[in-house]
Each structure stands twice: as structure tokens, then as C-alpha cells.
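Peer 1: Sharing a structure with you now.
The values are calculated or read from the model by the stated rules, or taken from the named source; none is laboratory data. Remember, it's a predicted structure, so these values are computed and weren't measured experimentally. Every residue, glycine among them, receives a Cβ derived from its backbone with ideal geometry; neighbour counts consider all protein chains shown.
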Amino acid sequence: MARMKFLADAERCIECNGCVTACKQEHEIPWGVNRRRVVTLNDGVPGEKSISVACMHCSDAPCMAVCPVDCFYKTTEGVVLHDKDLCIGCGYCFYACPFGAPQFPQDGAFGLRGKMDKCTFCAGGPEADNSAAEYRKYGRNRLAEGKLPACAEMCATKALLGGDADVISDIYRNRVLRRGKGSEVWGWGTAYGKPEQRPAAKPGAKS
Amino acid sequence: MRRPILILAAAAFALGAAGCGEKTSVTVYKQGQYQGKQDKQPWDNDLFKGDKLAWEQAIKARNERQDETSRGTPTAKN
């Protein structure tokens with residue numbers, strides 16, 4: 001049985017936000033809710049690194065452990081899902097999640113909170129597959145159509161891989177072996193040119 | 001004079017001994033069980049009609065299509 005996981009390759013991500021857009025479009029996610037986000041470290045500095053982050057469908061998920069109404073469950077494929085009919089919107093899962101995956105609608109009568117929304121690995125939820133109720137609550141169920149998450153399949157540079165952990169690990173492993181490391185990485189010279197020759201700092205000068 | 005002292009000593013002893021009978025209070029954490037509606041398997045629908053192998057084949061083909069190094073020789077229609 002497949003064990004579904006995401007794998008983000010920081011060397012390939014070009015911060016195009018295609019995965020974020022694909023997710024929003026696929027599930028008609030409301031304004032203020034981001035099931036997937038692109039996080040960039042050292043933004044604007046040569047060598048910046050971007051990574052696409054969503055629910056990582058943890059093998060030992062902290063959200064499941066802290067939920068007071070036990071609305072989380074894990075499918076046989078290892079996808080962590082939840083029942084929105086049971087969720088009370090307490091936000092414990094948001095505090096427990098190391099990736100900030102649980103999202104809460106910003107609109108409505110009380111402005112904040114409401115039932116939690118998160119990445120479903122495009123696997124819907126506990127409603128009839130591809131029904132209107134499932135789409136309204138959880139979004140499209142691509143897994144039931146024999147497809148992988150829209151974000152991973154839409155990724156232009158294939159920085160975001162999603163699917164059976166064994167297969168995507170092999171893809172990533174082969175990729176790392178081919179491209180080398182550091183300045184050997186494909187595209188580095190094209191993007192950033194040769195390393196800058198900086199003058200040596202004067203002794204005693206403040207950095 | 002000695003009687004009140006004896007009474008006081010007996011009361012203090014009884015009070016002190018009462019502490020020995022205290023039970024340990026340790027919280028027991030229990031693993032929660034999913035309380036929501038049951039979900040079906042992704043192959044239990046009109047598209048795959050319960051054919052798990054067909055679903056796994058479709059997912060496998062999609063998995064492998066993410067590897068651009070092996071895309072030169074397409075093996076699946078998905």
C-alpha cells in the first residue's frame with residue numbers, strides 16, 4: 001500500500017507560487033485560507049531558498065493527538081484527514097502543527113476561527129466520493145479519480161513531488177546524484193554568475 | 001497539666017499519620033479514537049468500481065510521471 005507524502009526540493013523551487021494557485025483553483029479555497037504556501041529564506045539574497053509547505057501528513061500527527069473531539073483520522077494511504085462536521089474550531093491543531101497547516105476562515109459573523117481547513121492531499125473527506133457535499137467541505141477528491149495532488153502535478157520545475165513515499169524518494173535520490181551539490185547545481189551559474197570578489201575587510205573595521 | 005499535652009500530641013500524631021494515607025494522583029492519558037463519519041477507500045467509487053489494483057496502477061503511473069528523466073518513454077496513458 002502506498003504511503004502518501006510530499007517532498008519539496010529547495011534547489012528547484014523558483015517561488016512561482018504555481019502550487020498555491022493550483023490548490024486554490026482546484027478546491028475553490030476562500031480568501032484568507034491557504035492550504036499551501038511558499039516560504040522563502042533569505043529572500044532577495046543570491047542563494048535564497050524557497051520551499052512549498054502544506055500539511056505533511058505526518059506519520060505520528062500532533063494534530064490528531066491534541067484534538068479534543070477526535071475529528072482526525074488517517075486513511076490507509078497515510079493521508080491525515082478530518083471530519084468538519086465534528087470540528088469545533090478550537091485551534092489546538094494549529095498550535096500543535098509544526099508546519100502551520102491548519103487554516104481557519106477569516107470571514108463570517110465572528111471574524112475569526114470557524115471549522116478548520118487544511119490540505120487533504122486532494123483526497124476529499126468523509127463524504128461520498130466526488131459528491132457536492134465533499135467538494136463544498138473538503139474540495140476535489142483527485143485521489144479517488146486516480147490522480148495525485150494538483151499542486152505536485154502542476155509544479156513546473158517538479159520541485160514539489162507528491163505521491164507514494166518510496167517512489168518520490170527514489171526520484172529525488174536520483175536527481176541529487178545527477179545534479180551534484182553547491183555550485184555544481186544546474187542553473188546556479190546562469191542565475192547568479194561567478195562568485196563576487198569582495199575586498200578583504202580592514203582590520204578593526206565594523207562588519 | 002499533662003493531660004492537655006497528651007491530647008495535643010495525640011491529635012498532632014493523628015493529623016501527621018493522615019498524610020501517609022494519601023493516594024498518588026497521576027493522570028492517565030488515553031489514545032483518542034476517531035469519532036467522525038467513516039470514509040470510503042479511494043477505489044470504492046463509480047470510476048474504479050472497487051478495483052484496488054486498477055487504482056494502484058493509475059497512481060503508480062502518475063507517480064512515475066513526476067520523474068522527468070524517465071518521461072522519454074511513456075508507458076501509461078494517464
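Peer 1: Can you tell me which residue is farthest from A:C67 (Cα to Cα) among those in the range B:10-57 that are more than 14 Å from chain A (Cβ to nearest Cβ) and assigned to a loop (DSSP other than H, G, I, E, B)?
Peer 2: So the residue we want is B:G21.
Peer 1: Residue by residue through the range A:78-110, note down the ones that are assigned to a loop (DSSP other than H, G, I, E, B), within 16 Å of A:P126 (Cα to Cα), more than 7 Å from every other protein chain (Cβ to nearest Cβ) and not basic (K, R).
Peer 2: Residues satisfying the conditions are A:G78, A:V79, A:C87.
Peer 1: I've got another one for you. Specify which of the listed residues (A:V39, A:V20) is assigned to a helix (DSSP H, G or I) and either modelled with pLDDT of 95 or more or on the phi > 0 side of the Ramachandran plot (or both).
Peer 2: Numbers: A:V39 fails: assigned to a helix (DSSP H, G or I).
Unique residue meeting the criteria: A:V20.
Peer 1: Can you tell me how many residues in the range A:162-182 are out of contact with any Gly (no Cβ under 9 Å at 6 or more places or on another chain), assigned to a helix (DSSP H, G or I) and small (G, A, S)?
Peer 2: 2
Peer 1: Moving on. Exactly one of (1) modelled with pLDDT of 90 or more; (2) in contact with a helix residue (DSSP H, G or I) (Cβ under 7 Å, 6 or more places away or on another chain) is unmet by A:A152. Its number?
Peer 2: (2)
Peer 1: Would you pick out the residues in the range A:42-55 that are more than 15 Å from A:G125 (Cα to Cα), at pLDDT 95 or above and either part of a loop (DSSP other than H, G, I, E, B) or facing chain B (nearest Cβ under 8 Å) (or both)?
Peer 2: Scanning the range A:42-55 gives a single hit, A:A54.
Residues are listed down the side, and each one gets a yes or a no for (1) surrounded by fewer than 16 Cβ atoms within 10 Å (Cβ to Cβ); (2) under 21 Å from A:A2 (Cβ atoms); (3) of a type outside the set (F, W, Y); (4) touching a strand residue (DSSP E or B) at 6+ places or on another chain (Cβ under 6 Å):
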| site | (1), (2), (3), (4) |
| --- | --- |
| A:H27 | no, no, yes, no |
| A:W31 | yes, no, no, no |
| A:G44 | yes, no, yes, no |
| A:S50 | no, no, yes, yes |
| A:H57 | no, yes, yes, yes |
| A:D70 | no, no, yes, no |
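Peer 1: May I pose another question? From the residues in the range A:167-180 that are more than 9 Å from chain B (Cβ to nearest Cβ) and touching a residue at least 60 places away in the same chain (Cβ under 8 Å), which one is farthest from the chain's Cα centre (by Cα)?
Peer 2: By that ranking, first place goes to A:R179.
Peer 1: Do you know which residues across the range A:47-60 are closer than 11 Å to A:V80 by Cβ and over 15 Å from the mean Cα position of the chain (by Cα)?
Peer 2: The answer is A:S59, A:D60.
Peer 1: Show the residue pairs meeting these rules: Cβ distance below 9 Å; 6+ apart or different chains; first residue within the range A:130-149 and part of a strand (DSSP E or B); second residue among the charged types (D, E, K, R).
Peer 2: What qualifies is A:N141/A:E127; A:N141/A:D129; A:N141/A:E134.
Peer 1: Report, by residue number, each residue of the range A:107-130 that is modelled with pLDDT of 75 or more and surrounded by fewer than 18 Cβ atoms within 10 Å (Cβ to Cβ).
Peer 2: Hits for the range A:107-130 are A:K115, A:A128, A:N130.
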